[in-house]
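The values are calculated or read from the model by the stated rules, or taken from the named source; none is laboratory data. Because the structure is predicted, anything quoted here is derived from the model rather than measured. Here the Cβ is made from the backbone with ideal geometry for all residues, glycine too, and neighbour counts use every protein chain on show. Accessible surface is based on the protein model in full, side chains and every heavy atom, while ligands, DNA and RNA are left aside. Shrake-Rupley method; radii C 1.70, N 1.55, O 1.52, S 1.80 Å.
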Amino acid sequence: MAHEQSLLRSALAALLDQEPDFEVAGADWHRVNESGRLLRPHVWVADADCPGWRRHVGGWTRPAEGHAPAGRTLSRAASGSGSAEVSLRAPEAASAADMMRCTAGLVVLTDAGKPGNLRRAYDARALGFVNKDRSPDRLPAAVRRAAEGKRFVDESLAVEFMQAAEMPLTRRELSVLSLSAEGASVNEIARSLHLGNGTVRNYLAAITRKTGARNRVDAIRISRVAGWV
């Protein structure tokens, strides 16, 4: 699995590297924070089906609408447990201080039929939403839009956006549910999300109630059918 994830990451990086104004580098999700501090990316691209993304989504921030970062623009493309950074070359290089002041925007890749992915990404203030089943030229276009602080939404995801708006679960509840659906125990979910065991149990109880399920297993089944996890 780890090897397969690396292949996906490399393929995505290779796609972005075809752009004449992009520079691409790779990093594992476990080194995202370290790599981000070193490279100061302006735009990140995340695979919404990646467990690493789900664990990091809670702390995401982005620049204000309409903000265009100065100098070069870096984009992180994540697939599986890894990621890649992309930089847009500008005529003049930005100073280190300028780059350090910039906050990264976010472009998210997802499949159709998964409103839960869009809900998490929207709540994380993503700028770009790209359908993985559509033309590959949409990804570079979304990166460039996010680099300008502008939104890019694939029109093929319109139905999922409407479904996401009607979801009863919060982003934190979705994170807890997603980890539970992957087989994580209460203790493992608590460690992953930096929560107490009792807090996780309270979230799971709320999820069961909101989904109208009989128990946690039934809540996972209902949520999978609805495309929430």
Can you name the condition, by its number, that Gly227 falls short on among (1) open to solvent by 40 Å² or more (accessible area, probe 1.4 Å); (2) in contact with a Gly (Cβ under 6 Å, 6 or more places away or on another chain)?
(1)
Any chance the stretch 138-154 includes a residue that's closer than 30 Å to Glu19 by Cβ, within 19 Å of the chain's Cα centre (by Cα), open to solvent by 50 Å² or more (accessible area, probe 1.4 Å) and hydrophobic (A, V, I, L, M, F, W, C)?
yes
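So that you can scan it fast, the table gives a plain yes or no per residue for (1) in contact with a Pro (Cβ under 7 Å, 6 or more places away or on another chain); (2) closer than 20 Å to Trp228 by Cα; (3) at pLDDT below 90:
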site	(1), (2), (3)
Glu92	no, no, yes
Met99	no, no, yes
Ala124	no, yes, yes
Asp133	no, yes, no
Restricting to the stretch 121-137, what's the tally of residues that are open to solvent by less than 50 Å² (accessible area, probe 1.4 Å), outside any strand (DSSP E or B) and over 16 Å from Met162 (Cα atoms)?
3
Could you grab me the full set of residues in the stretch 20-41 that are touching a strand residue (DSSP E or B) at 6+ places or on another chain (Cβ under 8 Å) and modelled with pLDDT of 75 or more?
Asp21, Phe22
Inspect all residues belonging to the stretch 105-112 and state whether any of them is at pLDDT 50 or above, acidic (Asp, Glu) and either surrounded by fewer than 21 Cβ atoms within 10 Å (Cβ to Cβ) or under 11 Å from the mean Cα position of the chain (by Cα) (or both).
yes
Pick from the stretch 197-210 the residues that are of a type in the set (Ser, Thr, Tyr) and closer than 14 Å to Ser178 by Cα: which of them is farthest from the chain's Cα centre (by Cα)?
Thr208
